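Asks: My structure is below; once you've seen it, I'll send some questions.
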Ligand code: FES
């Protein structure tokens, strides 16, 4: 019975990916992916932030805690940040977080930081498809999920 | 508790095709705080907007959520709608269910589920939205135009005619740009110099225009309406005020090794030189890398013979700092280097030349005085072969994947001009496709074939072999499948256009983005073609992508109109989404100050009473006029004392929670 439940649950595994996109590049890149009618799964949900440096590591942890199976931060290419240096901070901060996630047992593959420009609609779709593929392989995120939180 | 209204847009069938909009509205109605939910065909239309206004009044809405296209598209529209109904515009949130949902998913059930989730996130965020009031800032009534080619000149003239001061910064010693090098222009075949030089003179003599030639932009700071720009005026080594432009120095300069940039290296010039006879300003410049005096300390002939004693070896670079309300980037383009295209023998054989060299070769003011001869032996060629798409539409990595756009037309022009002047010369063109959209363009190209008998061969050239004094051009006629060999005397390569090498660096300085090929990116490919993503910075001409002259001029006019629109404003509304410090939480560590790219955060001493004892404490203070709202500091703050209005920690957390619902 228990086993059956588990398999049916796994079959129905619909990963949830939360993507934080900076307004100037990656959010626009996601818009371009839409305008070009590129396909990527509906599991990806985007939150707009002014700059990738606005993303607090707490947001990432919160997403994992609330049941996200993967988190993406996307910003302008290094050197192209609308606020000139924002994404350099992003890069440093999330190298640290990556190590910490690893330490607490969350697979590194669940967390992606990438640079997607406003012109890279196809890269946006490719990155999202790539993330989903990895997350599908890993299965649902159970490590940090708050049990009281039902999705 | 908030009273939230949710408005779901169908966008015709754009959203409604893959999202069950009625169900989205129905689910939204059950979300916390939502008291009204409605779907409609076109929310952005007048009817749709009135619907929102009416609902605000009738249902006493305190927040509005519109689930529609990207906020980059219509957020401002809906903010205005709310404002018109008496609601603070920043109480509106947009859920992007078109670009981020309807357009990327085919499955309607999936799309609907996602649209509901995105709407839920927007509702959650809107609940926490606070009314924000935008500040005001003044506008410096002066524009900067970077680049003095046709794009820059046209922009500057238009802005100056509207009554605003304009400065043109041009890197080379003279204004005029690429157009000054061209002999005739398509499709009218009028003389390029005859239409350009009057504009150059107009710009130089206009009371509102200041020229900074031989100058570069060194740094840019500030923001729309208030840019501060440092311009480095390189030392000409000639005092422009004294110089009469007689040209004696350039004539007598004993150094003759430098290649003339203007003549594409087909002629040499002195170390002291005037780039071309119609140069503006007509003041020579010393190329310090070539000048014997600068290299060895000897010579100094120019200084001795100058009747006006204008030569000044001691002159140093000068940095001028100026404030501007608007900046127009018009830095133009270049042609790619052909060193990766060994098969064409360019650089190996003198009779293989680029199209721009050909322009100089046929120009009456060019190195041959307009006599049509080939570079190697100065004989008149009998067969000329033109090769198009050299490096254009090239996905092999050697060239550029895009179409350079102007080559089909100028090649037709070149071939036509030869056949017109010398009917005995044969002209053949190798092409992949002939692309001639544009007014009178196709007619022009057809005339080249039909009236002037230019031979067009569809196919690429495989290799060129020099044989005695001939160039054997081996190609394939793709239509017949046969190999073609032409014993040419001159080969002209239509090399691809590219962005300026320093475009990326300039883009970084201005914080405007460039695309993968280093052309500057416009704010919207259709609707905002001359604006950059940075407010107050506009684009004109080929720096944004390959363009011909008519297109460049119209874009320059459009950029000027945008700049004038900006300069004519009395006040600008500033972005209210800036950071604030909660002084009660701030420990005064000032970690935020260090990472702020705008210097918008500084220490401030506050006085407070602690248990009746007066004390002072250092806290961070934000200068709202300088803060651009990136939010980087909010993450650096250990105490969480600094937060970004419009994107507060709580708002983003609420979005995360709603999405993971
Ligand atoms: S604005 Fe895109 S990363 Fe800073």
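Asks: Highest first, please rank the peptides B:576-582, A:137-143 by the mean number of other Cβ atoms sitting within 10 Å of their residues.
Replies: Taking the mean over residues of other Cβ atoms within 10 Å, the ranking is B:576-582, A:137-143.
Asks: Taking the DSSP beta bridges in chain B as the whole, what percent of them are antiparallel, to the nearest 5?
Replies: 55
Asks: Oh, and also: Taking just the alpha-carbon atoms of the stretch B:335-498, what radius of gyration and Dmax come out, in angstrom?
Replies: Expressed in Å, the Cα Rg and Dmax of the stretch B:335-498 come to 14.7, 43.
Asks: How crowded by other chains is B:617-629, given as the mean number of beta carbons from other chains within 10 Å of each beta carbon?
Replies: Mean shielding count: 1.
Asks: Out of all Cα-Cα pairs in the stretch A:84-151, roughly what percent, to the nearest whole number, are more than 15 Å apart?
Replies: 65
Asks: Taking the simple approach of a point 7 Å from Cα along Cα-to-Cβ for both residue B:296 and residue B:451, what is their distance in nm?
Replies: Output for this residue pair reads 5.6 nm.
Asks: Mind checking the alpha-carbon convex hull of the stretch B:77-205 and giving the volume per residue in Å³?
Replies: Taking the convex hull of the Cα positions in the stretch B:77-205, it is 243 Å³ per residue.
Asks: A further question follows. Rounded, prolate or oblate: pick one for chain A, where a ≥ b ≥ c are the square roots of the eigenvalues of its C-alpha gyration tensor, a/c under 1.5 means rounded, and failing that, prolate if a/b is larger than b/c, else oblate.
Replies: Oblate is the answer for chain A, as a/c is 1.5 or above yet b/c matches or exceeds a/b.
Asks: Separate question: Please work out whether the stretch A:21-107 counts as rounded, prolate or oblate from its C-alpha gyration tensor, where a ≥ b ≥ c are the square roots of the eigenvalues and a/c under 1.5 means rounded, while otherwise a/b larger than b/c means prolate and anything else oblate?
Replies: Because a/c hits 1.5 or more and a/b fails to exceed b/c, the stretch A:21-107 counts as oblate.
Asks: Under the rule of -39500 (n - 2.57) per DSSP H run of 4 or more residues, summed and divided by the residues of chain A, what mean residue ellipticity at 222 nm is obtained, to the nearest 500 deg cm²/dmol?
Replies: About -13500 deg cm²/dmol.
Asks: Can you compute the helix-only [θ] at 222 nm over chain B? Use -39500 (n - 2.57) per DSSP H run of at least 4 residues, normalise by all residues, nearest 500 deg cm²/dmol.
Replies: That comes out to -8000 deg cm²/dmol.
Asks: Rounded to a whole number, what is D in µm²/s for the stretch B:304-406 from Stokes-Einstein with the Kirkwood radius over alpha-carbon pairs (10 °C, 1.306 mPa s)?
Replies: Rounded to a whole number, D works out at 87 µm²/s.
Asks: For peptide A:23-34, what's the mean number of Cβ atoms from other chains within 10 Å of each residue's Cβ?
Replies: So the per-residue partner count for this stretch is 5.
Asks: If each of residue B:305 and residue B:261 carries a label point 7 Å out from its Cα toward its Cβ, how far apart are those two points in nm?
Replies: 2.4
Asks: Sort the following peptides by mean Cβ neighbour count (other Cβ atoms within 10 Å, averaged over residues), highest first: B:273-283, B:183-193, B:300-310.
Replies: B:273-283, B:183-193, B:300-310
Asks: Run through all the Cα pairs of chain B and give the fraction in each 20 Å bin from 0, expressed as whole percent.
Replies: P(r) for chain B, in whole percents per bin: 16, 37, 31, 15, 1, 0.
Asks: Roughly how many Å is it from the Cα centre of the stretch B:401-467 to that of the stretch B:124-164, as a whole number?
Replies: Rounded to whole Å, the Cα centres lie 42 Å apart.
Asks: Cut-off is 10 Å between beta-carbons; in what order do B:476, B:622, B:485 appear when sorted fewest neighbours first?
Replies: B:485, B:476, B:622
Asks: 7 Å from Cα along Cα→Cβ at both residue B:240 and residue A:102: what's the point-to-point distance in nm?
Replies: 5.7
Asks: Ratio of alpha-carbon Rg to the 2.2 N^0.38 Å globular estimate for the protein assembly as shown, to two decimals, please.
Replies: So the Cα radius of gyration is 1.12 times the expected 2.2 N^0.38 Å.
Asks: Per residue of B:110-121, count partner chain C-beta atoms within 10 Å of its C-beta, then hand back the mean as an integer.
Replies: So the per-residue partner count for this stretch is 2.
Asks: I've got another one for you. Round to the nearest 0.05 the FRET efficiency obtained for residue B:316 and residue B:202 when R0 = 30 Å and r is the Cβ-Cβ distance.
Replies: Step by step, r from the Cβ atoms, then E = 0.45.
Asks: Counting just the Cα atoms, what span does the stretch B:4-128 cover along each of its three principal axes? Round to the nearest Å and put the largest first.
Replies: 39, 28, 21
Asks: Let me ask you something else. Where the centroid of each part is defined by its Cα atoms, how far is the stretch B:32-95 from the stretch B:191-258 in Å?
Replies: Between the Cα centre of the stretch B:32-95 and that of the stretch B:191-258, the gap is 52 Å.
Asks: I need the shape label for the stretch B:136-247. Rule: rounded when a/c is under 1.5, else prolate if a/b > b/c, else oblate, with a, b, c from the alpha carbon gyration tensor.
Replies: Note, shape of the stretch B:136-247 comes out oblate.
Asks: Same structure, new question: Rounded to the nearest 0.05, what FRET efficiency do residue B:474 and residue B:378 give with R0 = 30 Å and r taken as the Cβ-Cβ distance? Could you check?
Replies: FRET efficiency, residue B:474 to residue B:378: 0.70.
Taken together, the values in this text are just the output of simple stated rules run on the coordinates, not laboratory data. Because the structure is a prediction, the values reported are computed rather than measured. Note that each Cβ is placed from the backbone with ideal geometry, even for glycine, and that neighbours are counted across all protein chains shown.
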